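Nothing in this text is a laboratory measurement; each read-out follows from the coordinates by a stated rule. Bear in mind the structure is a predicted one, so any value in this text is a computation, not a measurement. With ideal geometry, Cβ positions are generated from the backbone for all residues, glycine too; neighbour counts draw on all protein chains shown.
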Amino acid sequence: MKTKNIVVFASGTGSNFKALHQAALKREIPARITALISDNPDAGALRYAREHGIREHIVSPTDYEDSTGYVQKLREILGSESPDLIVLAGYLKKIPNEIVDLYKRRIINIHPALLPKYGGKGWYGMRVHRAVIENGDQESGCTVHYVTRVYDEGPVIAQVKVPVRKDDTAETLAARVLKQEHLLYPKVVRFLLSHS
């Protein structure tokens, strides 16, 4: 089987990016990560990319006078990388509609909740885990879904449930959910690339 190309978008430490890269190195997924795109020049994910010889692109919408230049830059990068799959790994900016339309059903995201719960603009990271604890939910988890024009509303591909313990804090719950993210994301990527 031909090795496929993945481009990852990340804004922070990039722990899911690292998990995917490690899975690719072990040949657990039939792909190589050719590039990382980040909107944050201080992202830990960029350091990891440099250490592992993965091309990096720092592109933020705030660097452009209007969305046209930003979208054009993303189109150029993605055009040169020829991704079979675009994977969002803790990327906090909205993917422009033009890019979503161009790569329809080839952009996926992982969210630290059981969507549709705790999804949408502004729902990310510890905000999600705190809300789960405050609302007394019995379970949480993570969701991999296709990216569409609306935040966190694309079709769900897979979910893993994580029970919420009585003594959980947002931090302890977050750690257990993240562990499941690192297991789920490579499995979903392998499945999608093996069936494309």
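Computed over the alpha-carbon atoms, region 85-166 gives an Rg to Rh ratio of 1.00, Rh here being the Kirkwood radius from the mean inverse distance. In order along region 186-196, the Karplus-derived 3J(HN,Hα) couplings, from 6.51 cos²θ - 1.76 cosθ + 1.60 at θ = phi - 60°, round to x, 5, 5, 4, 4, 4, 5, 6, 6, 10, 10 Hz, and Gly and Pro are given as x. Its DSSP H runs of at least 4 residues, each contributing -39,500 (n - 2.57), put the calculated 222 nm mean residue ellipticity of the chain at -12000 deg cm²/dmol, to the nearest 500. The stretch between residue 92 and residue 187, if pulled fully straight at 0.36 nm per residue, gains 31.9 nm over its current Cα-Cα span.
Taking only the C-alpha atoms of the chain, the Rg (one decimal) and the largest Cα-Cα distance, Dmax (whole number), read 16.3, 49 Å. A convex hull fitted to the Cα coordinates of region 20-73 yields 81 cubic angstrom per residue.
Taken about its Cα centre, the chain carries a charge dipole of about 720 debye when Lys and Arg each add +1 at the Cβ and Asp and Glu each add -1 at the Cβ.
Close amide H contacts of residue 92 (hydrogens built in the peptide plane, cut-off under 5 Å, sequence separation of 5 or more or a different chain): 11.
Applying the Karplus relation 6.51 cos²θ - 1.76 cosθ + 1.60 with θ = phi - 60° to region 10-20 yields 3J(HN,Hα) values of 8, 10, x, 5, x, 5, 6, 4, 5, 4, 5 Hz, where x marks Gly and Pro. Here the spin labels are modelled as points 7 Å beyond Cα on the Cα-Cβ line, and at residue 58 and residue 158 they lie 3.4 nm apart. The relative contact order of the chain comes to 21 percent, based on Cα pairs under 8 Å that sit 6 or more residues apart.
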